[in-house]
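Here's the structure we're looking at; comments come further down.
Read-outs: derived from the displayed coordinates by stated rules, not from any lab. In this text, all values refer to a predicted model and were calculated from it rather than measured experimentally. Here the Cβ positions follow ideal geometry from the backbone for every residue, glycine too, while neighbour counts run over all protein chains shown.
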Amino acid sequence: MPYVVRQPGVLAGARIAVLALVHAVNDVLSAILGALLPTPQARLATGTTTLAVLAAAFDISSSVIQPSRGALADRVGLRQVAGARVALTAVSPSPAAFIALRALRSAR
């Protein structure tokens, strides 16, 4: 069931703007990981291999989770899944980032 904006106007434009902003922030947070890697490398005295595995796990987990989100949206509904995802993004940049941060914190 495709999502159709029934009320064109300012409200519909605001919804699209919010979704575009959330998507852009998610992309920026994913892209910035490479620039942040020297900090955990210096603090934890880890090698480049460990950091490469961390970055790969971050990217791969995002790619693996996306199809399951799509299937859930087909089953439950796009609005519910999108709303839950926006709420989750507000709490944490992504589940993969949360797991990576927990792993780095426990390595201390």
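So which trypsin sites (Lys or Arg not before Pro) in the range 5-84 are both in a DSSP loop and have at most 12 other Cβ atoms within 10 Å of their Cβ?
On the way: sites: 6, 15, 43, 69, 75, 79; in loops: 6.
Answer in residue order: 6.
Dividing the mean sequence gap of close Cα pairs (under 8 Å, 6+ apart) by how many residues the range 10-106 holds gives a relative contact order of 29 percent. For the peptides 52-62, 22-32, the ranking by mean Cβ contacts within 10 Å, running from highest to lowest, is 52-62, 22-32.
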